[in-house]
């Protein structure tokens with residue numbers, strides 16, 4: 001990576017529009033009764049939105065491996081916490 | 001920053017160079033610092049998300065009966081408000097990277113106003129719940145709802161204070177094309193606050 005110049009306004013506006021469209025989509029889907037699929041779709045859309053925010057607004061796409069490590073390690077620990085807890089509570 | 005730092009010329013005291021670290025090095029260090037802080041925040045909210053998952057799997061009927069009391073439209077409006085505030089922060093950073101101080105100040109003002117708007121809508125939502133006799137002590141669902149949106153609201157408030165401080169510094173002309181670390185750092189924090197809401201919104205308002 002050289003300097004972080006060059007990133008114009010355009011990409012942010014595109015990401016912003018994508019986030020608005022996805023918000024509209026997740027609200028629209030929530031009115032349909034799809035059972036457990038509602039949960040899956042809502043979480044999938046939320047994760048796509050979160051990825052867009054992290055990659056572009058938080059500049060992760062333009063960062064080096066060290067910053068990526070700092071960003072991903074807490075997610076690993078979060079999965080560990082959730083997985084570890086559920087492995088107990090689901091099988092009591 | 002792939003560029004390797006120039007080697008310390010004085011072989012006698014290699015530590016001397018680090019004491020006069022270049023702005024690029026201090027910027028990288030500050031960035032890793034805020035990402036570390038965000039890591040602690042992920043696990044702070046993570047504990048609550050874990051609690052949510054545990055109780056959702058344990059009391060699915062309670063969650064299904066309760067989530068209809070939340071106002072989906074207001075939740076969606078607040079999502080849009082936060083997404084817009086993330087855009088204005090991102091645009092502000094892009095502006096100061098080009099040295100445009102006026103644009104940065106405008107973006108910061110808009111961000112703080114949007115953040116205030118979010119909290120005002122949240123206030124109306126909460127008072128409406130209270131008016132209907134729905135309190136944190138009502139049941140596990142509302143306990144989690146008030147706890148998680150409340151903790152998130154505190155983060156929005158903290159973000160407003162931080163961005164306000166950055167706005168004051170920007171007003172004093174402290175930032176330029178070559179130095180704007182506080183803008184970048186507070187911006188990363190603000191995007192994280194948006195990120196948390198991106199998950200809170202569907203979990204409480206959309207899925208029952």
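Taken together, the values in this text are just the output of simple stated rules run on the coordinates, not laboratory data. No experiment lies behind these values; they were computed from the predicted model shown. A quick note on method: Cβ atoms are made from the backbone with ideal geometry, for glycine too, and the neighbour counts reach across all protein chains shown.
Odds and ends about this structure:
- With contributions of -39500 (n - 2.57) from each DSSP H run of at least four residues, the per-residue ellipticity at 222 nm computed over the protein assembly as shown stands at -25500 deg cm²/dmol.
- Between residue A:86 and residue B:165, the C-beta separation translates, for a Förster distance of 35 Å, into a calculated FRET efficiency of about 0.30.
- Degrees, to the nearest 10: A:36-52 long Cα axis against longest axis of chain A: 20 degrees
- Reciprocal of mean inverse Cα separation for the range B:35-206 (Kirkwood radius, Å): 17.1 Å
- Chain B: angle of helix B:140-171 to the longest principal axis, Cα-based, in degrees nearest 10: 30 degrees
- Rounded if a/c under 1.5, otherwise prolate or oblate - the range A:1-58, Cα gyration tensor axes: oblate
- Cut-off 15 Å, label 7 Å out along Cα→Cβ of residue B:143, residues of the range B:49-78 by amide N: B:49-60, B:62-63
- Set the Cα radius of gyration of the range B:141-208 against 2.2 N^0.38 Å, with N its number of residues, and you get 1.43.
- For the range B:35-206, the relative contact order is 33 percent, taking Cα pairs closer than 8 Å that sit 6 or more residues apart in sequence and dividing their mean separation by the residue count.
- 0 to 90° range, to nearest 10: angle between helix B:72-97 axis and chain B longest Cα axis: 0 degrees
- FRET efficiency for the pair residue A:73 and residue B:22, taken as 1/(1 + (r/R0)^6) with r the Cβ-Cβ distance and R0 = 30 Å, rounds to 0.65.
- For the protein assembly as shown, the normalised intensity computed at q = 0.07, 0.08, 0.10, 0.16 Å⁻¹ comes to -0.31, -0.40, -0.60, -1.34 (log10 of I(q)/I(0), Debye sum over alpha carbons, equal scatterers, no solvent).
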